[in-house]
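Quick note: the coordinates plus some simple rules give every number you see, no bench work behind them. None of these values were measured; they are calculated from a predicted model. Backbone-built Cβ (ideal geometry, glycine too); neighbour counts: all protein chains shown.
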Amino acid sequence: MKKRIKAIIFDVGGVLQLGGYSKKPYKHHRTLGVHNYVSKKLGISLDQYFDSIDTTYAESIEGKISEKKALGTISKNLNTSVKKIKKLFIQAYKKNFKFNNQLLREALKLKKRGYKISVLSDQWYLSKEALITKKITKNFAPVIISCDFGVRKPNLKFYNIILKKLKIPSEQVLFIDNQKWNIKPAKKLGMKTILFKNNKQLFKQLSKQNIK
């Protein structure tokens, strides 16, 4: 017998927050619009910019270093103040991302019908500050952010954290993300999955799974 979905996990960047993504020329930096914005404001090339932030930025997403140390290192490498770096990044995220209000409305309808709605997202300290807004923290639970838990997608440990907090068997959980490599671990754990492309496609697939 097919088990009914009881919880839905949403990604943030590219799902609940739209924009800022690019596949080329830096495939590992999908928030290219953000990085372009900051590098241009600082008057340096994108290559020089990435050389200055890469290691620290990656470690920050997994919470391997503190926000203070991350910002201190990046500001030093970019030869500017911590205050200016923080301001530029927050501006960049807010400029390049727009909250997916249509999806939020649908998610809240599902919540009213008894589904648990939650968030699993890879973020570093400043993207968390800019993108994990009150619309998310107020309406979704649990909200699991990589920099707070020391692990990120596609590590299975990250998915197991939210499953443990949801206290729902993986077979009754639906995971929604916009990247194929993040979908695979969820499937491996037994979750139902949807690869997000746009709202219309998502709503159609939710309907197919009798989630309305």
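When the helix-only estimate is applied to the chain (DSSP H runs of n ≥ 4, each -39,500 (n - 2.57), divided by the residue count), what is the mean residue ellipticity at 222 nm, nearest 500 deg cm²/dmol? Rounded to the nearest 500, it is -15000 deg cm²/dmol.
Could you grab the relative contact order for the chain? Cα pairs under 8 Å, six or more apart, rounded to a whole percent. Each step should come with its number before you reach the end.
Numbers: 310 pairs, mean separation 57.3, N = 212.
Contact order relative to length: 27 percent.
Extent of the range 32-96 along its three principal axes (Cα atoms, max minus min coordinate, largest first): 27, 22, 20 Å. Taking a ≥ b ≥ c as the square roots of the eigenvalues of the alpha carbon gyration tensor, the range 108-198 is rounded, as a/c is under 1.5. Give the relative contact order (percent, whole number) for the range 32-96; include only Cα pairs under 8 Å separated by 6+ residues. Once normalised by length, the contact order is 40 percent.
For the range 102-143, what is the convex hull volume of its Cα atoms per residue in Å³?
68 Å³
Listed cross-link partners LYS40/LYS197; LYS40/LYS204; LYS116/LYS153; LYS84/LYS109 are compared with a 32 Å cut-off, the Cα-Cα value being larger for LYS40/LYS204; LYS84/LYS109.
The simple spin-label model puts a point 7 Å past each Cα toward its Cβ; for ASN79 and GLU129 those points are separated by 2.4 nm. Rounded to the nearest Hz, the phi-derived 3J(HN,Hα) couplings of the range 11-19 under the Karplus curve 6.51 cos²θ - 1.76 cosθ + 1.60 (θ = phi - 60°) are 7, 9, x, x, 10, 7, 10, 10, x, where x marks glycine and proline. Of all DSSP-defined beta bridges confined to the chain, some 10% are antiparallel rather than parallel. Amide H contacts of ILE8 (H built 1.01 Å from N, in plane; Pro and chain starts excluded): LYS116, ILE117, SER118, LEU174 sit under 5 Å, all sequence-distant by 5 or more or on other chains. Efficiency by 1/(1 + (r/R0)^6): what FRET value for ASN139 and LYS94, r their Cβ-Cβ distance, R0 = 22 Å, to the nearest 0.05? About 0.70, to the nearest 0.05.
I want to verify the translational diffusion coefficient of the chain in µm²/s; compute it with Stokes-Einstein, Rh as the Kirkwood radius over Cα pairs, at 25 °C and 0.890 mPa s. For these conditions, the coefficient is 137 µm²/s.
Here the calculated FRET efficiency for THR55 and LEU156, from their Cβ-Cβ distance with R0 = 22 Å, stands at 0.35, rounded to the nearest 0.05.
Here is the list for the range 124-194: trypsin sites (Lys or Arg not before Pro) lying in DSSP coil, each with at most 16 other C-beta atoms within 10 angstrom of its C-beta, are LYS138, LYS167. Computed from backbone phi, the HN-Hα couplings of the range 69-86 come to 5, 4, 5, x, 5, 5, 5, 5, 5, 9, 6, 8, 7, 4, 4, 5, 4, 4 Hz, rounded to whole numbers (Karplus: 6.51 cos²θ - 1.76 cosθ + 1.60, θ = phi - 60°; Gly and Pro given as x).
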